[in-house]
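One structure below.
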Amino acid sequence: MGGDQGQGTVVEVAYALAWDLEACALWRPLTVEAARERDAAGLPYVVVYRIPGREVPLEVRLVSWRDHYVGLWVYDDQGRRTDELDLRLLDDQSRLLRRRTRRWQYTGPEMAEFDDECPRSVVELFPDGRGSITEAPRGERGRRLVTVPDADTRRWQDRPGFEDWPVAAARWRGLPGPVELQAAALDSGTVETPRDASEAPATCWRPPRPAQPGLLDALFRAGTRVTDGFHPEMTVVEPLRTGTLRVPSGLLAVSGPDSLSDEGPAITVPVPPGEYVLEEAQVRFGYDCEWSQGWVTRTETTAVRLRISDTPAASWEMGLGPDDDPRLLGENEIFGFDTDGATGCFADAGAWESLRRLFERHVVGGEPGVGEDTPDSMYLLRTRDEASGGELVAFATTGDGTYPVWVGRSADGDVAEVVVLVEGMPTVLRDGTADGAEATLV
């Protein structure tokens, strides 16, 4: 496999701005000097290892220190990815967490890459010692939680220098003898000077990007046209105002009120002490209903919002809990609040325990006088702590699970609004603003 047992294996090393997964090829090759400069600057680049004379790579490594990320793919002789390692740069920038390891064990050379019937496993590790193993022998799904001690070398590894990375494929694929690296020959006409890799085709490998908020403001602008993928076109109507919420402590809680945890609310957002408007983003759509035997028009809520000021949000960020580290998130992953009862809430964090107990007494025990139901609204009920004046207003979600909290900030950095999508983010077709009504935003 590239060399005699006694002589070891020669492996060529090449650098590029990106790696095209579909073409299995370098995109914008780099000299080693250019790659070293990008490494020092924290900019993305890739390293590709090959046996001389073979088109199929042994291994591809993507490095982006600015994203706290190093990714690694190992390939087999058929050009299929067999192993993936996701490393995250944490702590004092000197150690890498082996965040996620995936493995595919193809049953024969004819099996397609990532075939549903391919046996696979995923190991996920966290800095605090938590972890999970997901195994699928042949297209099945299973999951078991494990705890791996921090001292276990599988969890952490030291950050290598630019030229100090081991060739993981040498061990994973059992290459004979020691590995001897040599620089791949470069066509001077194709070598790129260092620049932004954002122009790379969509098929190129990139560092994972957490979930993004999308055009949240458009959901609260009447006239915006959206689709949920099932109904071809839906129209945003005027937001429905559903009372106010008092937050005298100056700390807003966004959480699942049905949580049994005593650790406090999932997410808190500092806001000026005050009373703020509660709103629902709503869409109207029609469809041919077989039960009614005719055309039916419905209005449904897509998101709930606590409006802190009249200043529009200029930027959005994902609300984080005390232990949430966005450097650990994978592609399109989220942090948020959990619910087993399809319910979330906005509340005064200063009176959280009192408000949550009142919620439980009202919902579970049916105790009169401790909560106030809200009819005809996504906002279900309200509880009030008489001692502080703080309030909790619960809202329905469309199911159980984890819901992200989006915090909108003004151009000055102040909190302007807090939004929770109770449905998935609809695709915006046309914005509802006068100057952008015909602009396609898909």
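Laboratory data are not the source of any read-out in this text; all were calculated from the coordinates shown. Computed from a predicted model, the values in this text were never measured in an experiment. Cβ atoms come from the backbone with ideal geometry, glycine included; neighbour counts cover every protein chain shown.
Remark: the Cα gyration tensor places region 315-442 in the prolate category, a/c being 1.5 or greater and a/b exceeding b/c.
Sorted largest first, the principal axis extents computed over the alpha-carbon atoms of region 65-130 equal 45, 24, 13 Å.
Checking the a/c ratio against 1.5 first, then a/b against b/c, what shape does the Cα gyration tensor give for region 198-250? It is oblate, given that a/c is not under 1.5 and a/b is not larger than b/c.
Does region 9-183 classify as rounded, prolate or oblate by the C-alpha gyration tensor (a ≥ b ≥ c root eigenvalues; a/c under 1.5 gives rounded; else a/b over b/c gives prolate, otherwise oblate)? Walk me through the numbers before you get to the answer.
On the way: a/c = 1.84, a/b = 1.13, b/c = 1.63.
Here region 9-183 falls in the oblate category.
Along the axis of the charge dipole computed for region 216-436 (Cβ charges of +1 for Lys and Arg, -1 for Asp and Glu, origin at the Cα centre), the listed residues Ala222, Gln282, Leu320 are led at the positive end by Ala222. Applying 1/(1 + (r/R0)^6) with R0 = 35 Å to the Cβ-Cβ distance of Glu386 and Val364, what FRET efficiency is obtained, to the nearest 0.05? Approximately 0.95, to the nearest 0.05.
Karplus-derived 3J(HN,Hα) values for region 219-230, using 6.51 cos²θ - 1.76 cosθ + 1.60 with θ = phi - 60°, are 6, 10, 10, 4, x, 5, 9, 9, 9, 9, x, 9 Hz; glycine and proline are entered as x.
Computed from backbone phi, the HN-Hα couplings of region 155-168 come to 8, 10, 8, 5, 6, x, x, 3, 9, 9, 6, x, 8, 4 Hz, rounded to whole numbers (Karplus: 6.51 cos²θ - 1.76 cosθ + 1.60, θ = phi - 60°; Gly and Pro given as x). Computed from the Cβ-Cβ distance with R0 of 56 Å, the FRET efficiency linking Ala314 to Gln105 stands at 0.70. When the GluC sites (Glu not before Pro) in region 251-319 are filtered for DSSP coil states and for at most 10 other beta-carbon atoms within 10 Å of their beta-carbon, the remaining sites are Glu263, Glu290. Shown for Phe346, Phe114, Phe220: other C-beta atoms within 10 Å of each C-beta, ranked fewest to most, produce the order Phe114, Phe220, Phe346.
Could you tell me the distance between the Cα centroids of region 316-343 and region 64-131, to the nearest Å? Using only Cα atoms to place each centre, the spacing works out to 22 Å.
From the coordinates of this entry, Rg and Dmax of the Cα atoms in Å is computed, and it appears in (i) 26.4, 84; (ii) 27.0, 93; (iii) 24.6, 81 under the label (i).
Charging the Cβ of each Asp and Glu at -1 and of each Lys and Arg at +1, and nothing else, the dipole of the chain about its Cα centre rounds to 720 debye.
For region 18-106, the list of GluC sites (Glu not before Pro) that fall in a loop by DSSP and count at most 16 other C-beta atoms within 10 angstrom reads Glu22, Glu55. Overall, region 1-127 carries a charge dipole of about 460 debye about its Cα centre when +1 sits on the Cβ of Lys and Arg and -1 on the Cβ of Asp and Glu, all other atoms neutral.
Given a Förster distance of 51 Å, report the FRET efficiency between Ala222 and Ile133 from their Cβ-Cβ distance, rounded to the nearest 0.05. That gives a FRET efficiency of 0.55.
Computed per residue of the chain from DSSP H runs no shorter than four, each worth -39500 (n - 2.57), the mean residue ellipticity at 222 nm is -1500 deg cm²/dmol.
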